[in-house]
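> Input: one structure, supplied below.
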Amino acid sequence: MNAVAAPSDTVRHDIAVLGATGSIGSSALDVIARHPQRLRATVLGAGHNVAALIELCRIHRPLHAVIADADRFAELRDGLASAGLATRAHAGADAVSELAAGDACDTVVAAIVGAAGLPSTLAAARAGKRLLLANKESLVLAGELLMAAAREGGATIVPIDSEHNAIFQCLPAATRLAAGERGAGLARIILTASGGPFRGRSRASLEEVSVEEAVKHPKWSMGPKISVDSATLMNKGLEVIEAHHLFSLPGERIDVLVHPQSLVHSMVEFIDGSTLAQLGLPDMRTALAVGLGWPERLESGVSGLDLLAQGGRLDFEKPDLEAFPCLQLAYDALAAGGTAPAVLNAANEVAVAAFLERRIGFLSIPALVAETLAALPAIPANSLEALQDIDQRARRHAVQGLAAHRLPA
Ligand code: NAD
Ligand code: MG
């Protein structure tokens, strides 16, 4: 019998981690640091937090560090110099995109939160990078353009969302992405959802929930925006749209099942009646290791799954669309097409930010998204400019709508 092949030690990757100071960024750096012979973080990027970025540079010694906030260039440059680091400082959103497309990396971990991640994600796709795509908002906002850019640029996309990464692992190699289009014998995909912190609660009981309760996810440790999205089930809605673009399937063939244990990360049903699932502990380092090692497997720091130790059962239930209307809003936006998903995403970003700032209540999030979708009916959109324009208009509309939902101070 042949020995089991060890991961090759000749493959080396230079990696840009954009959103390095966030939850996905730190999980990516954890996996990268486990494989110094093979993986090197050459570019680290963050939004505003210069101190946290410099601290990461101390540990990972990248060639380049970039802060999206253009006003913080001097702070970053001087901080790197006084830490005795040779890392070059850059600032501004354009610099983030230039580094994503540039020679300093062959792999980009797209882990910026929100539509702010779109330009650098697109730049990496056009430049033909290996793209570890966590920034789901860029797919929701401009999925067709992003997938086309990746095809034209020759980029390999590995989804870094536990569900889509699971589906990616379950699909046959030749048809991994855009599976529907290429006919992988796929019948449907089933995205699992933990149900979030408010699973089982009635709509009326959600009126007064606090920010602390909403961001306290039962199974995953994540950044604040996606944690709120998980509590409203908008996260699953965004993921339905994400799956539509990644796997070329219509919404009718993308189902959602609530699975409170969060051990089955998603399932793929084929036309012959087979269903394949990927299971594992809820820790994003597994998905990141799949992407960073691709097509080989890498040790991630995550233990294997002991189902008995996890309680010995896997439960499934239907999502409650009455209590969590955001999921239905996302299905409807996908069906409407054109600008609707961009409007959904923009209104949601505004509403979630206002909720996190305690300016509106939890149930105002779906209300604001629904109002914005109704006010800006879907029109066809096939250019980046048109999508960015509608993104801005939807944001303005949602910001104006906040007043009617404002909580008493
Ligand atoms: P986070 O809030 O923890 O981190 C966000 C990162 O983005 C930070 O490094 C921040 O500095 C950076 N950032 C913010 N605004 C920026 C800007 N304008 N320009 C450049 N950088 C900016 O968020 P997260 O939980 O790590 O999520 C990141 C992305 O990954 C989101 O799109 C989220 O939906 C997706 N995702 C996250 C998880 C998870 O487990 N955390 C799972 C699946 C998908
Ligand atoms: Mg997910």
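> Please find, among Glu98, Glu181, the residue that is acidic (Asp, Glu), modelled with pLDDT of 95 or more and either within 16 Å of ligand 2 (Cβ to nearest atom) or in a helix (DSSP H, G or I) (or both).
Glu98
> Scan segment 210-232 for residues that are within 22 Å of Leu141 (Cβ to Cβ), open to solvent by less than 10 Å² (accessible area, probe 1.4 Å) and not polar (S, T, N, Q) and report the count.
Here the count works out to 3.
> Let me ask something additional. Taking the options Ser27, Ser23, name whichever one is surrounded by fewer than 20 Cβ atoms within 10 Å (Cβ to Cβ), within 16 Å of ligand 2 (Cβ to nearest atom) and on the phi < 0 side of the Ramachandran plot.
Result: Ser23 is the single residue among Ser27, Ser23 that is surrounded by fewer than 20 Cβ atoms within 10 Å (Cβ to Cβ), within 16 Å of ligand 2 (Cβ to nearest atom) and on the phi < 0 side of the Ramachandran plot.
> Now a separate question. Can you name the number of the only condition in (1) touching a strand residue (DSSP E or B) at 6+ places or on another chain (Cβ under 8 Å); (2) modelled with pLDDT under 95 that Glu296 fails?
(1)
> Sticking with this structure for a sec: Which pairs have Cβ atoms under 6 Å, sit 6 or more apart or on different chains, and link a residue in segment 83-112 that is open to solvent by 60 Å² or more (accessible area, probe 1.4 Å) to one that is more than 16 Å from ligand 2 (Cβ to nearest atom)?
Once the first residue is open to solvent by 60 Å² or more (accessible area, probe 1.4 Å) and sits in segment 83-112, its partners that are more than 16 Å from ligand 2 (Cβ to nearest atom) give Arg88/His64; Ala93/Ala68.
> OK, next. Kindly list, by first and then second residue, each pair from a residue in segment 210-236 that is of a type in the set (Val, Ile, Thr) to a residue that is assigned to a loop (DSSP other than H, G, I, E, B) and surrounded by 24 or more Cβ atoms within 10 Å (Cβ to Cβ), limited to pairs with Cβ atoms under 9 Å and residues at least 6 apart or on different chains.
From segment 210-236, the pairs are Thr232/Gly196; Thr232/Phe324.
> Do you know which of the residues in segment 184-214 that are part of a helix (DSSP H, G or I) and out of contact with any Lys or Arg (no Cβ under 9 Å at 6 or more places or on another chain) is farthest from Leu321 (Cα to Cα)?
Among those that are part of a helix (DSSP H, G or I) and out of contact with any Lys or Arg (no Cβ under 9 Å at 6 or more places or on another chain), it is Glu212.
> Another question, if that's okay. Of the residues Ile365, Ile360, which single one is over 24 Å from Leu122 (Cβ atoms), more than 23 Å from the chain's Cα centre (by Cα) and either touching a residue at least 60 places away in the same chain (Cβ under 8 Å) or in the same structural domain as Leu238 (by TED's automatic domain parsing) (or both)?
So the residue among Ile365, Ile360 that is over 24 Å from Leu122 (Cβ atoms), more than 23 Å from the chain's Cα centre (by Cα) and either touching a residue at least 60 places away in the same chain (Cβ under 8 Å) or in the same structural domain as Leu238 (by TED's automatic domain parsing) (or both) is Ile360.
> Of all residues in segment 115-161 being part of a loop (DSSP other than H, G, I, E, B) and over 23 Å from Leu344 (Cα atoms), which is farthest from ligand 1 (Cβ to nearest atom)?
Gly154
> Also: Would you point out which residue out of Arg38, Arg34 is closer than 25 Å to Gly128 by Cα, at pLDDT 95 or above, surrounded by 13 or more Cβ atoms within 10 Å (Cβ to Cβ) and of a type in the set (D, E, K, R)?
Arg38
> Looking only at residues in segment 101-136 that are out of contact with any Ser or Thr (no Cβ under 8 Å at 6 or more places or on another chain) and of a type outside the set (A, V, I, L, M), which one is farthest from ligand 2 (Cβ to nearest atom)?
Asp103
> Pairs only if they're at least six apart or on different chains, beta carbon under 8 angstrom, first in segment 51-70 and not assigned by TED's automatic domain parsing to the domain that holds Ser27, second open to solvent by less than 70 Å² (accessible area, probe 1.4 Å) and within 16 Å of ligand 2 (Cβ to nearest atom); list them, first residue then second.
Cβ pairs passing all conditions: none.
> Which one of the conditions (1) more than 20 Å from Ala374 (Cα to Cα); (2) assigned by TED's automatic domain parsing to the domain that holds Leu384; (3) open to solvent by less than 40 Å² (accessible area, probe 1.4 Å) does Glu317 fail to meet, given that it meets all the rest?
(3)
> Might you check whether a residue that is open to solvent by less than 30 Å² (accessible area, probe 1.4 Å) and not hydrophobic (A, V, I, L, M, F, W, C) occurs anywhere in segment 376-388?
No, that holds for no residue.
> Return yes when Val264 is over 16 Å from the mean Cα position of the chain (by Cα), within 14 Å of ligand 2 (Cβ to nearest atom), touching a residue at least 40 places away in the same chain (Cβ under 8 Å) and on the phi < 0 side of the Ramachandran plot and no when it is not.
Against the criterion (over 16 Å from the mean Cα position of the chain (by Cα), within 14 Å of ligand 2 (Cβ to nearest atom), touching a residue at least 40 places away in the same chain (Cβ under 8 Å) and on the phi < 0 side of the Ramachandran plot), Val264 qualifies.
> When you go through Ala70, Ala95, Ala74, Ala83 one by one, which is the residue that is within 13 Å of ligand 1 (Cβ to nearest atom), over 23 Å from Ser27 (Cα atoms) and more than 23 Å from the chain's Cα centre (by Cα)?
None of the others qualify; the one that does is Ala70.
The values are calculated or read from the model by the stated rules, or taken from the named source; none is laboratory data. Just so you know, these numbers come straight off a predicted model, no measurement behind them. Note that we place each Cβ from the backbone using ideal geometry, even for glycine, and neighbour counts take in every protein chain shown. For the accessible areas, the whole protein counts, side chains as well, though only heavy atoms, and no ligand, DNA or RNA atoms are used. Shrake-Rupley method; radii C 1.70, N 1.55, O 1.52, S 1.80 Å.
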